[in-house]
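Single-structure report; data block below.
The values are calculated or read from the model by the stated rules, or taken from the named source; none is laboratory data. As the structure is a computational prediction, the values presented were derived from the model and not from experiment. Here Cβ is always computed from backbone atoms with ideal geometry, including for glycine, and neighbour counts include all displayed protein chains. Surface accessibility is based on the protein's heavy atoms, side chains included, excluding ligands, DNA and RNA. Shrake-Rupley method; radii C 1.70, N 1.55, O 1.52, S 1.80 Å.
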Amino acid sequence: VIEIEVKDVKVYYKSTKAIDGVSLHIKKGEVLCVIGPNGAGKSTLLRVINGILKPKIGTVYVDKRSIYEIPHKSAAKIFGYVPQKLHSFGMISVYDFVMTGRKPHIGLVPTKADDERVFKALKLVNMENFAERTLEELSGGELQRVLIARALAGEPEVLILDEPTNNLDLKHQTELLNLVKVLSNEGLIVIMSLHDLTQAYRISDKVLLMNKGKVVAFGEPSKVLRAD
Ligand code: ADP
Ligand code: ADP
């Protein structure tokens, strides 16, 4: 994937304009941070970008092609999504859970290569020693890192993270942001919502400021975020 373009997207619920005309574009190797207060529409926008949520109005283009014309399995290989939290999970091991991230790649049964990918992903978030644990046994921060590993196990070209630093202590926040930098240097497109402006300033190539479903500003951090 060379370029993602979001064009004039609107998502309205009964009484709320969750997204009210948002456009943006982002290229290979760039990091986009989406910033805004609670209810600004960040989560909704991220779910639109990875195709989970189809807006009534507007389209997302992946290399000039509408995301809604891409077969589901191909789209699933392109996007890795890290939700803000997991709403429910059973007695599943970390290993099996991260393996679910390989679903678009797996044939009948997982192969040695799939197994290696799972461990590589766990290693990237320093969770390789937790493979046999169940999700229930993890702390909030550990679960967050496992969610990221699941997304990375799918070898996505576009990684979308919804407030990924929320449950992490400072050390792990720094590690995550460093990992994001490494991945984007390798050519990944990274799109994430954040609320720490300093972190956004440091890590992003583009920033999207949102409020009440609208774009307040979009561009390079030095032009969008002032130091004062
Ligand atoms: P953020 O991630 O910036 O906090 P959200 O995208 O979660 O914002 O929400 C944007 C607005 O849309 C909020 O007012 C929220 O209550 C509303 N909203 C989100 N999802 C739904 C939904 N499924 N049904 C109705 N309203 C929703
Ligand atoms: P989270 O990921 O933090 O659990 P969601 O993305 O599910 O939150 O929802 C974000 C916001 O949208 C919340 O404020 C929630 O109350 C609101 N929301 C979600 N679903 C609905 C819905 N079906 N109707 C009204 N508001 C909703």
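Do we have Lys171 as open to solvent by 60 Å² or more (accessible area, probe 1.4 Å) and away from ligand 2 (no atom under 16 Å from the Cβ) here?
On the way: open to solvent by 60 Å² or more (accessible area, probe 1.4 Å): yes; away from ligand 2 (no atom under 16 Å from the Cβ): yes.
Criteria met by Lys171.
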*If you check Ser184 against the conditions, is it of a type in the set (Gly, Ala, Ser) and open to solvent by 30 Å² or more (accessible area, probe 1.4 Å)?*
no
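Before we move on, is Lys56 more than 28 Å from Ile106 (Cα to Cα), touching a residue at least 12 places away in the same chain (Cβ under 8 Å) and open to solvent by 80 Å² or more (accessible area, probe 1.4 Å)?
On the way: more than 28 Å from Ile106 (Cα to Cα): yes; touching a residue at least 12 places away in the same chain (Cβ under 8 Å): yes; open to solvent by 80 Å² or more (accessible area, probe 1.4 Å): yes.
Spelling it out, Lys56 is indeed more than 28 Å from Ile106 (Cα to Cα), touching a residue at least 12 places away in the same chain (Cβ under 8 Å) and open to solvent by 80 Å² or more (accessible area, probe 1.4 Å).
Can you tell me how many residues within segment 106-132 are touching a Phe, Trp or Tyr at 6+ places or on another chain (Cβ under 8 Å) and surrounded by 13 or more Cβ atoms within 10 Å (Cβ to Cβ)?
Just the residues of segment 106-132 that are touching a Phe, Trp or Tyr at 6+ places or on another chain (Cβ under 8 Å), to begin with: 118, 122, 128, 131-132.
Add one more test, that the residue is surrounded by 13 or more Cβ atoms within 10 Å (Cβ to Cβ), and what stays is 118, 122, 128, 131.
So the answer is 4.
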*Of (1) open to solvent by 20 Å² or more (accessible area, probe 1.4 Å); (2) touching a Gly at 6+ places or on another chain (Cβ under 7 Å); (3) under 23 Å from Arg202 (Cα atoms); (4) basic (Lys, Arg), Lys10 satisfies all except one. Which?*
(3)
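Scan segment 210-227 and tell me whether some residue there is part of a loop (DSSP other than H, G, I, E, B), loosely packed, with under 15 Cβ neighbours inside 10 Å and either in contact with a His (Cβ under 7 Å, 6 or more places away or on another chain) or among the charged types (D, E, K, R) (or both).
Checking segment 210-227: at least one residue is part of a loop (DSSP other than H, G, I, E, B), loosely packed, with under 15 Cβ neighbours inside 10 Å and either in contact with a His (Cβ under 7 Å, 6 or more places away or on another chain) or among the charged types (D, E, K, R) (or both).
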*asked:* Scan segment 89-105 and tell me whether some residue there is within 16 Å of ligand 1 (Cβ to nearest atom) and open to solvent by 50 Å² or more (accessible area, probe 1.4 Å).
replied: no
*asked:* Quick check on this structure: which one of Ile35, Ile49, Ile26, Ile4 is under 15 Å from the mean Cα position of the chain (by Cα), within 11 Å of ligand 1 (Cβ to nearest atom) and open to solvent by less than 50 Å² (accessible area, probe 1.4 Å)?
replied: Ile35
